[in-house]
1. Kindly indicate whether any position in the stretch A:164-178 is among the hydrophobic types (A, V, I, L, M, F, W, C), assigned to a helix (DSSP H, G or I), touching a residue at least 24 places away in the same chain (Cβ under 8 Å) and in contact with a Gly (Cβ under 8 Å, 6 or more places away or on another chain).
2. Please go through (1) at pLDDT below 95; (2) touching a helix residue (DSSP H, G or I) at 6+ places or on another chain (Cβ under 9 Å) for residue A:166 and return the number of the only condition it doesn't satisfy.
3. Which of the residues that make up the stretch B:36-77 are in contact with a Leu (Cβ under 7 Å, 6 or more places away or on another chain) and under 24 Å from residue B:87 (Cβ atoms)?
4. Sort out which residues of the stretch A:100-150 are at pLDDT 95 or above and acidic (Asp, Glu), and write them in order of number.
5. Specify which of the listed residues (B:33, B:24) is touching a residue at least 40 places away in the same chain (Cβ under 8 Å), more than 10 Å from chain A (Cβ to nearest Cβ), farther than 20 Å from residue B:88 by Cα and out of contact with any Leu (no Cβ under 8 Å at 6 or more places or on another chain).
6. Only one of A:117, A:62 is crowded, with 17+ Cβ neighbours inside 10 Å and touching a residue at least 40 places away in the same chain (Cβ under 8 Å). Can you tell me which?
7. Among the numbered criteria (1) touching a strand residue (DSSP E or B) at 6+ places or on another chain (Cβ under 7 Å); (2) buried (at least 24 other Cβ atoms within 10 Å of the Cβ), which single criterion is violated by residue A:168?
8. Might you check whether a residue that is at pLDDT 95 or above, of a type outside the set (Gly, Ala, Ser), farther than 28 Å from residue A:52 by Cβ and within 18 Å of the chain's Cα centre (by Cα) occurs anywhere in the stretch A:198-209?
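The values are calculated or read from the model by the stated rules, or taken from the named source; none is laboratory data. Note that this is a predicted model, so its numbers are computed, not measured. We place every Cβ from the backbone using ideal geometry, glycine too, and count neighbours over all the protein chains shown.
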Amino acid sequence: MPGTTIVVTSGKGGVGKTTTVANLGTALAMRGRSVVMVDADIGLRNLDVVMGLENRIVYNLVDIIEGRCRTEQAMIRDRKLNSLFLIPAAQTREKDAVHPDQMKELCEKLQQDFDYVLVDCPAGIERGFRNAVAGAQKAIVVTTPEVSAIRDADRVIGLLEAELMKDIQLIINRLNHKMVKRGDMMSTEDICSLLAIPLVGVIPESEEVVVSTNRGIPLVHEKRSSVAGAFRRIAARLEGEQVPIPADNAEEGGILSRFKRLIWSS
Amino acid sequence: MLDTIKRFFGDKKSGEVAKKRMQIVLLHDRLSISPEMLESIKNDILQVLSRYMEIDGRTIKVSIEKGENYAALVSNVQVKRVYRHVQQPSTESS
């Protein structure tokens, strides 16, 4: 059975698309799935540094499409997981180097060999967006609880629906539970009612994300991290498991760690 | 000072403000309707109204009005005569 191509998109830049692709790809591979991540952000490649694979690049996406190498030659295997691969974006080319039909063809080909093809979409809604979306059967829209990100997410959802994308799901990134609690941040419920698409997960705001990207090791490898847990649960949901999404006011880590924190802080 | 007092008496939290603002912004954004769609809405309105009154089809205007905290679909049409009974939808196509 061929795999599924999922595009991760947002409209606005800097909301965590690349981090999401890196962590979901890793989480799915940890579940034993074969995964290839495609960086479709031509000219501004980043997924390679987030994955810590920047030194291994020889060929890239545009090389495949223009026939300068075979698809396998441009695929870089992950350092830890041998069923996880990356196809990096070209750094010195323009977005116009790729046509949506070519992307579609590539995704169809990759689906023959992989369970999941994850496409990291560039910010914006121009050519790069249309390329990234062309071969996908599913879309994940990433937003943060900020007005600018939500507005752009809504616009992107409209464009995806216009492209007849049927399966569109939402990830809310960088939710700050404390701020929601004191009423200074839109809650998961608020955002869901505004955007009106199914929610697949909520990622809490955490400094750990910067630390892990500094090192080039996706955070899902970290067993105790709440962010890692959130990504692992999203991976499980993508595979059809019924994993409930914790409420905004649910304390992370359970009673014991709350008790510990209380002791340490006093 | 006024701000402090306002806050003391339970002025709206910023999260709530953001939600209310986004409801209006997204409504406005989504109402960016194409001229073709507006034309289609116009024809549908005409069709429905024609069951109840005689109207001048040439005078109908449909537009989207966007205010600071609302958005409205505004339609103006000149009525010539109101029917005593509801007219059944025409079955010209059959």
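1. Looking for residues that are among the hydrophobic types (A, V, I, L, M, F, W, C), assigned to a helix (DSSP H, G or I), touching a residue at least 24 places away in the same chain (Cβ under 8 Å) and in contact with a Gly (Cβ under 8 Å, 6 or more places away or on another chain), one finds none in the stretch A:164-178, hence no.
2. Of (1) at pLDDT below 95; (2) touching a helix residue (DSSP H, G or I) at 6+ places or on another chain (Cβ under 9 Å), only one is false for residue A:166: (2).
3. The answer is B:55, B:57, B:60, B:62, B:77.
4. A:101, A:105, A:108, A:113, A:115, A:120, A:146
5. Matching residue, one of B:33, B:24: B:24.
6. Working: A:62 fails: touching a residue at least 40 places away in the same chain (Cβ under 8 Å).
Residue meeting the stated conditions: A:117.
7. Result: residue A:168 fails condition (2) only.
8. Checked the stretch A:198-209: at least one residue is at pLDDT 95 or above, of a type outside the set (Gly, Ala, Ser), farther than 28 Å from residue A:52 by Cβ and within 18 Å of the chain's Cα centre (by Cα).
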